[in-house]
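To start, the structure under review is shown below, and the notes come after it.
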Amino acid sequence: MLLTDIFEEELQSSTVFRDESKLSAAYVPSSLPHRTSELRELIRLFLGVMKNPCKMSQQVILSGSIGIGKTALSKCFGKILEEYAKAHKINLHYVHVNCRRKKSRFLILREVVHHFNPTVPHRGYSPEELLHMLDHLLESQNIHLVLALDELDFLLRKNDESLLYDLIRWTDEQLNGVQRVSLILIVRDRAYLKDLDAGTLSSLQNNHIYLAPYSAFQLKDILQERAQESLLDFAVKLDVINLIADIASERGDARFALELLWRAGKYADRDRITSILPEHARLAKADIHPDFRKDIFQELSLHHRLVLLSIIRQLKKHRAAYTTTGSVEATYNIICEEYLETPRKHTQLWEYIKDLEQLCLITTKLSGKGVRGKTTLIGLPDAPLFLLENELQNSLRSVKNDT
Ligand SMILES: Nc1ncnc2c1ncn2[C@@H]1O[C@H](COP(=O)(O)OP(=O)(O)OP(=O)(O)O)[C@@H](O)[C@H]1O
Ligand SMILES: [Mg+2]
């Protein structure tokens with residue numbers, strides 16, 4: 001059978017999905033069951049800004065653990081805010097920047113400036129110049145900016161608070177003038193904010209919205225609503241939804257719940273049946289590690305992925321808890337051959353390792369006794385290696401097909 005025939009056959013085969021993309025991490029749902037009170041709180045905090053956008057600004061912290069709707073809540077709120085502003089002819093913009101992807105003060109500011117002026121060149125400006133440019137843009141077009149800094153933990157973990165200081169100082173300087181910038185700071189762990197200086201902290205502390213993990217009952221509602229959008233009628237019964245909600249309720253994590261539903265749907269498609277069975281949900285559970293976010297792989301460059309694969313292969317081969325940079329480099333060179341890529345130089349490799357650590361995909365520590373000299377030991381969080389390797393290999397296949 002030709003490869004294209006297999007592809008055609010798969011395309012034609014029955015599926016439980018109406019629209020798979022509605023279960024993806026990137027999709028922002030139009031309603032957020034069980035987050036109405038938090039949304040209301042956010043709206044209340046911003047009422048002053050909405051009524052008098054140039055006389056007031058606001059700073060709010062959204063916090064809570066993984067997958068509990070911080071990003072979704074902020075984006076939904078941003079949409080409501082912009083719709084209200086448009087209807088009332090207020091020049092207010094909501095800009096959402098992910099600090100894990102844009103991992104420096106410069107990249108974040110450039111993203112914000114680009115939102116207003118896409119023709120600004122990618123290079124040639126310092127962060128101070130970008131800040132100045134933004135100031136000018138907001139002033140000349142009479143804009144109030146609501147800036148959501150998502151996954152801010154990544155910036156704070158790097159001890160790069162300067163952007164936050166810049167933005168807060170900027171607002172302070174405008175105390176009696178026109179207020180141009182409001183902030184929504186999104187963090188998993190509020191502890192990272194405690195190292196900020198007292199002045200900055202005190203202006204933030206009062207407006208804190210904590211999102212609690214979801215119960216099984218709440219996850220059931222979220223899953224049911226999303227199943228209606230993403231799956232065909234009768235493709236999933238209530239007992240399967242309940243089972244998935246129960247599995248994910250241990251962590252209260254909606255992302256994990258939705259991914260389980262998607263995976264279970266894939267197993268039903270594989271078995272060529274039109275309804276997801278409890279066994280498919282169980283299989284899905286065995287496949288997914290809740291701490292590990294598939295979408296992070298999609299954001300890594302090809303060589304970041306190759307380095308990560310080298311680390312996984314090393315640890316697998318030696319059944320070890322840690323490996324060394326030297327061993328990783330040797331494996332990386334072989335893997336580059338396998339993927340027909342030219343290996344990057346040693347210093348670049350070291351940068352990749354630091355980036356992967358920053359993203360919490362790996363851990364590093366200095367060796368103690370027993371290893372010659374001082375060397376960096378590289379380990380992985382507790383997701384099983386075979387899961388990581390499978391996911392990574394799939395993602396490498398897709399990135400290579402795209403190039
Ligand atoms: N109340 C809800 N109703 C519907 N979908 C939800 C709800 N809460 C979360 N989700 C969905 O769950 C997934 C994870 O939510 P989100 O990305 O907002 O989590 P997060 O708190 O930002 O997690 P992280 O800390 O990992 O960034 C998304 O697909 C989101 O649409
Ligand atoms: Mg998020």
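Laboratory data are not the source of any read-out in this text; all were calculated from the coordinates shown. Worth saying up front: this structure is predicted, and the values here are computed from it rather than measured. Glycine gets a Cβ as well: all are built from the backbone with ideal geometry, and neighbour counts include every protein chain shown.
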*Nearest-5 percent of antiparallel DSSP beta bridges in the chain?*
25
*Express in whole angstrom the spacing between the alpha-carbon centres of segment 133-158 and segment 253-277.*
38
*Past 19 Å, Cα to Cα, is the threshold; run K79/K158; K51/K86; K75/K158; K79/K103 against it and keep the listed order.*
K79/K158; K75/K158; K79/K103
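Order of 251-258, 387-394, 25-32 by packing, highest average Cβ count within 10 Å first?
251-258, 387-394, 25-32
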*How large, in Å, is the chain by the Kirkwood hydrodynamic radius built from its alpha-carbon pairs?*
23.7
_For the chain, set up a GNM with springs between Cα atoms under 10 Å and report which of S215, S74, S327 has the largest fluctuation._
S327
*Relative contact order [Cα under 8 Å, 6+ residues apart], segment 40-210, whole percent*: 37
*Could you tell me which helices of the chain pass both thresholds, a Cα extent of 15 Å or more along their own axis and a mean Kyte-Doolittle hydropathy of at least -0.5, with helices taken as whole DSSP H runs?*
36-51, 70-87, 105-116, 127-140, 162-173, 238-249, 254-270, 302-317, 325-338, 385-402
*asked:* As a test of the formula, what do you get for the chain when each DSSP H run with n ≥ 4 contributes -39,500 (n - 2.57) and the sum is divided by the residue count, at 222 nm and rounded to the nearest 500 deg cm²/dmol?
replied: -17000 deg cm²/dmol
*Rank by packing, highest mean first: peptides 269-282, 109-122, with packing defined as the count of other Cβ atoms within 10 Å averaged across residues.*
269-282, 109-122
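If I take every Cα pair under 8 Å that is 6 or more residues apart in the chain, average their sequence separation and divide by the length, what percent do I get for the relative contact order? Spell out each step's value before the answer.
Values: 527 pairs, mean separation 74.0, N = 403.
With pairs under 8 Å counted, the relative contact order is 18 percent.
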*Listed highest first by mean packing, meaning other Cβ atoms within 10 Å per residue, what order do 123-129, 163-169, 44-50 come in?*
163-169, 44-50, 123-129
